[in-house]
Amino acid sequence: MPFGRFRSGAASISDAVYLEVIGTLYGTTVPILIAGGCQAIVGAISVSETGDRLSAALAIVGVVVAVVRLFGVLAFRNETRRRPLRDRAEGVVWEWRYAVGSVATALTIGLFAGRSLFVDDAICLVMAVGIAFGFSAGIVARLSLRPVVAILDFAAVALPAVVASFMKAWDAPHIALGVMFLVFIVAGVEMVRLSYDNTLNQMSLKRKFEQLARIDPMTGLLNRSVLATDLAEILAERGSAMAAVHAIDLDHFKAANDRFGHPVGDALLRQVAARLSSLADGTDLVVRMGGDEFILVQGRRNPAARPKPWRSGFSTRSARPIGLAIMTSSSGPVSASRCRPSTA
């Protein structure tokens, strides 16, 4: 097949990669400014040379669309500056807001290029078609990660010019111009496909490597590097709620490891990791610091709810103290205690 097959859109990538893609859509205002400015300049020249009111109306609409899109970019930046996008559903809303503005811009440029065929001014025609081709090149560079939006833009910018070419005159030059626009659509879609596959692979690998850098390969828990970021976020977001940090290590682990062998020692570490994970909820952290040392961070939004690290169904023998630090208020001190050796 000439186009191959696009992957199944947003559903084919992880939420983290998808939200990063949405962020790139709103990453710059330069293409919007260029599109609006070019339509204003070419529209003014076309009106002054030909007096065509429809060209003037299209130019005004193009500038208005550009201004609205600029406000949309600023709104997105203000929103994400306060807090990042929560989930994929919120990202989809912002994506289609961007798509509506982008397709509107493409349509005004395409209609302007089609109208220029009827004003009988070669300079205006060259400028209008130049804007259409320049915008189409920007689609490949800017929207390749959202292929559906890119294809809609290609159709909106090229089909009006194709129809106008065939309507203007059924002769070789105008037929060739219409066919040229159709070929340009086909080539543009294929370039979007290639860029989409390559860029998406790079972003997915980047996310995968970032995630692997945070994971302890032995137990599957987070590693100690996570404490430098996630722990600070938990303590910053907890408000007046308590946060408990449990520091745990295994007594006589080295002796057991030496006696029964590393496979048994590894299995023991994985079992401890599984039991600690069963104590944690979605807002807690379970971290392997290294060796036989673990950290369990628990936060509670209700100040009256004291963290309960040892729930029913979990039993272990602790022959050495377990360190416990509890932060009880946003401005209060951190209380620390040591649990005596016991069955917990």
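The values are calculated or read from the model by the stated rules, or taken from the named source; none is laboratory data. Just so it is clear, the structure is predicted and the values come from calculations on it, not from any experiment. All Cβ positions, even for glycine, are placed from backbone atoms using ideal geometry, and neighbour counts span all protein chains on display. Each accessible area value is taken on the protein alone, full model and side chains, heavy atoms only, with ligands, DNA and RNA left out. Shrake-Rupley method; radii C 1.70, N 1.55, O 1.52, S 1.80 Å.
Could you order S195, S225, S102 so the one with the most accessible surface comes first? Probe is 1.4 Å.
Ranked list, largest accessible area first: S225, S195, S102.
Using the reciprocal of the averaged 1/r over all distinct C-alpha pairs, how large is the Kirkwood radius of the range 123-190 in Å?
For the range 123-190, the Kirkwood estimate is 12.3 Å.
Cβ neighbours within 10 Å, averaged per peptide: list 209-221, 81-93 in order, most packed at the top.
209-221, 81-93
Ranked from highest to lowest mean number of other Cβ atoms within 10 Å per residue, what is the order of the peptides 124-131, 272-279?
Per-residue Cβ counts within 10 Å, averaged per peptide and sorted highest first, yield 124-131, 272-279.
Residues with beta-carbon under 11 Å from that of S46, excluding S46: net charge, scoring Lys, Arg +1 and Asp, Glu -1?
That works out to -1.
If one puts a single equal scatterer on every Cα of the range 5-136 and applies the Debye formula without solvent, what log₁₀ I(q)/I(0) results at q = 0.09, 0.13, 0.20 Å⁻¹?
Evaluating at q = 0.09, 0.13, 0.20 Å⁻¹ gives log10 I(q)/I(0) of -0.34, -0.61, -1.03.
Simple spin-label model, 7 Å along Cα-to-Cβ: A89 to M289 in nm?
It is 4.0 nm.
Stretch T229-Q202 to full length: gain in nm at 0.36 nm per residue minus the Cα-Cα span?
Extra length from T229 to Q202 when fully extended: 7.3 nm.
In Å², and per residue, what accessible area does the range 1-150 have when probed at 1.4 Å with the other protein chains present?
Result: 48 Å² of accessible area for each residue.
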